[in-house]
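Engineer: Structure provided below as structure tokens; questions to follow.
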2 protein chains.
Amino acid sequence: MVIVKVIRSAEGDNDLAANEVRSHLSGHGVLTLNFLGGPGCGKTSLLNATLARMRNEFRFGAIFGDLYTSRDAERIAGLGVPVVQINTEGASHLGAHMIKESLAEFDLDVLDCLFIENVGNLICPGNYDLGEDYRVVLLSTAEGSDTVDKYPRMFRQASVNIITKTDLLEHVAFNVHDVTSKLQVENPDAPVFEMSAKSGSGVEDWCRWLRENLTQAGMSGH
Amino acid sequence: MVIVKVIRSAEGDNDLAANEVRSHLSGHGVLTLNFLGGPGCGKTSLLNATLARMRNEFRFGAIFGDLYTSRDAERIAGLGVPVVQINTEGASHLGAHMIKESLAEFDLDVLDCLFIENVGNLICPGNYDLGEDYRVVLLSTAEGSDTVDKYPRMFRQASVNIITKTDLLEHVAFNVHDVTSKLQVENPDAPVFEMSAKSGSGVEDWCRWLRENLTQAGMSGH
């Protein structure tokens, strides 16, 4: 079942709400990841592929931000993961107060990890801390090689950067080596993963990173 | 030569500035189009393909909006078209006052048509009238079939909707028929074009529409 919450953009103090969310989630031992990227870059496909592989190892929940639909949440709810859909009614990003309000829908004591899929936008969501432990920023090979130069701030703030849709490499003008180098110059501390959710290529590398971070955070799996 | 103007987001009254821009441009007999779409959806490639075909028929100018780079403007300036690059320094959209300030860089008396390429974002730029005659909204086949459902407002406000990167259709999950139907339901008055700037397929249909509108507006070519 997907719970849909319509939350308009009345903001209050976002950083205050983010700190409350962070404190609340860490108090319950939940590791939280905020997934960001442009429209159609493959955020939901990445979550889908990750959950399909790891949902028997750890206990996941997911929050989806969208302007109007609950389409992404429906895709994921089919995997038996508790899901809340936030509809921003036109707002360009999720805010921490929206996450705070959504947490009441989860039984946090039985969760190891919470995924938050942000609104498809490479600019605005970068300005809003949601109380996450990690930011995961995606770009698709179909966007071409300029995405990092054009939206550098988003990639600089990432904990992890992921190049998606590598199955299209033969058909698009995208140089993996150049883009990876740019990502490493902009953000030397963030690992860069390449993957195709469609073929499965590279998904396990990312899952290994996530598994290590969940284990280090004290989630031993179940 | 590319003129780069850094204009931060101090806004003033956007609608007032938009009306001034519209009045100024129509007074000089310049037809103006605002191109919108997500990151890497093919806006610059469309402008490039259009100018390559039509620059000997009509006199074009172009304004590019980007957060930081002048990459798109450089691609187009190679075609011998006068170009201004606006850097928004992080702002998520162009505003009409930015266009107003940029117009001083053009000799409007010798222009038939001004292209404005907005910042790559399917949400925020939709809220800002730039004084354009037409809005052209793009979505790429690589984004998948959900883009119209997720960002309906942008497509509803369009004068023309364009499906780009049709050369990728064999390799991505995108149903042209379904997406075209959705676009026509959301916005029955806007024509829908399908094209691949890479293969050239469909570009002439769009150019014909533009040529007809330029001719109706009294630009007889030169």
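Where a number appears in this text, it was derived from the coordinates with a stated rule and is not lab data. Predicted model, so just to flag it, every value in this text is computed and none were measured. Backbone-built Cβ (ideal geometry, glycine too); neighbour counts: all protein chains shown.
Engineer: Determine which aspartates and glutamates satisfy two conditions relative to A:Lys150: a Cα distance under 16 Å, and not lying fewer than 8 residues away in the same chain.
Structural biologist: A:Asp178, A:Glu186, B:Asp66, B:Asp72, B:Glu74, B:Glu89, B:Glu117
Engineer: Let me ask something else. When the helix-only estimate is applied to chain A (DSSP H runs of n ≥ 4, each -39,500 (n - 2.57), divided by the residue count), what is the mean residue ellipticity at 222 nm, nearest 500 deg cm²/dmol?
Structural biologist: For chain A, the value works out to -9500 deg cm²/dmol.
Engineer: Here's a follow-up. Looking at chain A as a GNM with Cα springs under 10 Å, which of A:Val84, A:Val137, A:Val185 has the largest mean-square fluctuation?
Structural biologist: Comparing A:Val84, A:Val137, A:Val185 in a Gaussian network model of chain A, the most mobile one is A:Val185.
Engineer: Of chain A, which part is the longest with no trypsin sites (Lys or Arg not before Pro) in a loop (DSSP not H, G, I, E, B) and with at most 16 other C-beta atoms within 10 angstrom?
Structural biologist: Between the exposed loop sites, the longest stretch runs A:56-222.
Engineer: Please give the charge dipole size of chain A, origin at the Cα centre, charges +1 on K and R Cβ atoms and -1 on D and E Cβ atoms. Round to the nearest 20 debye.
Structural biologist: Computed charge dipole of chain A: roughly 280 debye.
Engineer: Sticking with this one: Using R₀ = 25 Å, calculate the FRET efficiency as 1/(1 + (r/R₀)^6) where r is the Cβ-Cβ separation of B:Ser181 and A:Val185; round to 0.05.
Structural biologist: 0.05
Engineer: Considering only A:Ser181, B:Met98, B:Phe64, whose Cα is most displaced toward the positive end of the charge dipole of the protein assembly as shown, charges sitting on Cβ of Lys, Arg (+1) and Asp, Glu (-1)?
Structural biologist: A:Ser181
Engineer: How tilted is helix B:176-186 with respect to the longest principal axis of chain B? Cα atoms for both, answer in degrees (0 to 90, nearest 10).
Structural biologist: On a 0 to 90 degree scale, this one is about 60.
Engineer: Okay, next question. Taking the Cα atoms only, what angle lies between the long axis of helix A:203-216 and the longest principal axis of chain A, rounded to 10 degrees?
Structural biologist: The angle comes out near 40 degrees.
Engineer: Using the Kirkwood radius over Cα pairs, work out the Stokes-Einstein diffusion coefficient for chain A at 20 °C and 1.002 mPa s, in µm²/s as a whole number.
Structural biologist: In µm²/s, the coefficient rounds to 123.
Engineer: Could I ask something else about it? Provide, in order from the shortest bin, the percent of all Cα-Cα pairs of the stretch A:93-135 in each 5 Å bin, continuing until the bin that contains the maximum pair distance.
Structural biologist: 5, 19, 30, 25, 13, 6, 1
Engineer: B:His28 label point, 7 Å along Cα→Cβ, cut-off 15 Å on backbone N: hits in the stretch B:120-164?
Structural biologist: Zone members listed by number: B:131-133.
Engineer: Using amide H atoms built in the peptide plane, which far-off residues or other-chain residues are under 5 Å from A:Glu194 H to H?
Structural biologist: Residues meeting the amide H criterion: A:Ile163.
Engineer: Spin-label point model (7 Å from Cα, Cβ direction): what's the A:Ala52 to A:Asn19 distance in nm?
Structural biologist: It works out to 4.2 nm between the two label points.
Engineer: Longer than 23 Å from Cα to Cα, which of A:Lys182/B:Lys100; A:Lys165/B:Lys165; A:Lys5/A:Lys100; A:Lys100/A:Lys165 are they? Say none if no pair is.
Structural biologist: The pairs that break the limit, which is 23 Å between Cα atoms, are A:Lys182/B:Lys100; A:Lys100/A:Lys165.
Engineer: Now for a separate question. Whats the longest run of chain A with zero GluC sites (Glu not before Pro) that are DSSP loop and have at most 15 other Cβ atoms within 10 Å?
Structural biologist: Of all site-free stretches, the longest is A:106-222.
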